[in-house]
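What follows is a single structure, written as structure tokens, with notes after it.
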Amino acid sequence: MPSPSPSAAAATPAPLDPVPPGLIALFAAFAKISLSGFGGVLVFARRAIVEEHRWMSAEEFSETYALCHFLPGPNIVNLSVVFGSRFRGIAGGVAAFAGLVGPPMALVIALAALYAHFGEVDALRRSLAGVSCAAAGLLISAVFRMMMPLVRRRAVLLLLVMVAVFVAIGLLRLPLPWVLLIAAPISIAISYAQKRGTA
């Protein structure tokens, strides 16, 4: 029997880890995620959860993150609580949340004290401007990675909904709640119809 080609093997996603993460693993993973990002950690969260630890598939991560948009509070904080609770219940949600929020909070307090003394230095201002550009690039990269499952499935209608939401919010500056109130039911209906069609 011929062995699969390297390209076919690369296209096949790695199997998910069947062992659910423990409380320490959840805390450590989200602490690493939070300390890796500047201006946003979505790209690092996806890399750790989907690619490094293989706790979720790319589709599961995108669906979970989309759900977190409808919960009150910052999306990535919601993701940590939802993700931790999925594997270890309330204790898992607390562990993931503590890992995401605790270490950066201590770091930010220390940096705020330093910035109070050296904030007027011109070189520091230029450095912070460069960091903000890098954070924007990482966010764009994460968006494209999260789009890939839709592209691979050729979900044209869902991609069109995504583009319409971007135009409505990013360009036309329409209110976010109203746009999501219209786009969410449409997206759910399209996904449901497509799954029923492939069942």
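Values quoted throughout were computed directly from the atomic coordinates according to the rules given, and no laboratory measurement underlies them. As the structure is a prediction and not an experimental result, all values here were calculated from the model. Note: ideal-geometry Cβ built from the backbone for every residue, glycine included; neighbour counts use all protein chains shown.
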How would Leu111, Leu139 line up from fewest to most surrounding beta-carbon atoms within 10 angstrom? Leu111, Leu139
To make sure I understand, if each residue's beta carbon is the centre and we count other beta carbons within 10 Å, what order do Lys32, Lys195 fall in, fewest to most? Lys195, Lys32
Ranked by Cβ crowding within 10 angstrom, fewest neighbours first, how are Glu60, Glu52, Glu120 ordered? Glu120, Glu52, Glu60
Using a Gaussian network model of the chain with C-alpha springs under 10 Å, which one of Ile90, Ile109, Ile33 is most mobile by mean-square fluctuation? Ile109
With the charge dipole of the chain built from beta-carbon charges (+1 for Lys and Arg, -1 for Asp and Glu) about the Cα centre, the Cα from Phe27, Ala183, Ala116 projecting farthest to the positive end belongs to Ala183
Shape call, region 153-199: gyration tensor on alpha carbons, a/c limit 1.5: oblate
Using the Cα centre as the reference, give the magnitude of the dipole from point charges on the C-beta atoms of the chain (Lys, Arg: +1; Asp, Glu: -1; all else neutral), rounded to the nearest 20 debye. 400 debye
Between Ala48, Ala123, Ala95, find the one with the highest GNM mean-square fluctuation for the chain; connect C-alpha pairs within less than 10 Å. Ala123
What is the pair-distance distribution P(r) of the chain, computed from all Cα-Cα distances in 5 Å bins starting at 0, with each bin given as a whole percent? 1, 6, 11, 16, 17, 15, 14, 10, 5, 3, 1, 1, 0, 0
If each K or R counts +1 and each D or E counts -1, the residues other than Tyr115 whose Cβ falls under 15 Å of its Cβ total 0
Net +/- balance of residues flanking Ala25 in space, Cβ distance below 12 Å, scoring K and R +1, D and E -1: 0
